[in-house]
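The structure appears below as structure tokens.
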Amino acid sequence: MKPKLERKLQVFSSFEEMEIQDRLEWWGKTPLERIHHIEFLRRLNHGDAAFERLQRVFEVAERA
């Protein structure tokens with residue numbers, strides 16, 4: 001099943017105004033909505049491979 005992309009067009013007078021609006025839009029979403037959007041982007045970019053589990057990476061760092 002291919003995810004459906006919702007398109008929306010907004011016009012801004014400056015990049016600063018655009019960034020403010022973008023942040024306000026994301027801050028208005030719940031953490032669960034943000035996670036769902038990340039999952040949507042992962043499936044959009046990786047297709048069927050996105051259904052595989054993400055790899056866990058463990059690395060030990062030495063103190064200097």
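In this simple spin-label model, placing a label point 7 Å from the Cα along the Cα-to-Cβ direction at both Ile38 and Glu59 gives a separation of 1.8 nm. Under the rule a/c < 1.5 gives rounded, and otherwise a/b versus b/c splits prolate from oblate, where does the chain land using the Cα gyration tensor? Verdict is oblate for the chain. Counted by neighbouring Cβ atoms within 10 Å, the residues Asp22, Asp48 run from fewest to most as Asp48, Asp22.
Bear in mind that the values in this text are calculations on the coordinates, not laboratory data. These figures come from a predicted structure and were not determined experimentally. For neighbour counting, all protein chains shown are included, and Cβ atoms are generated from backbone atoms with ideal geometry for every residue, glycine included.
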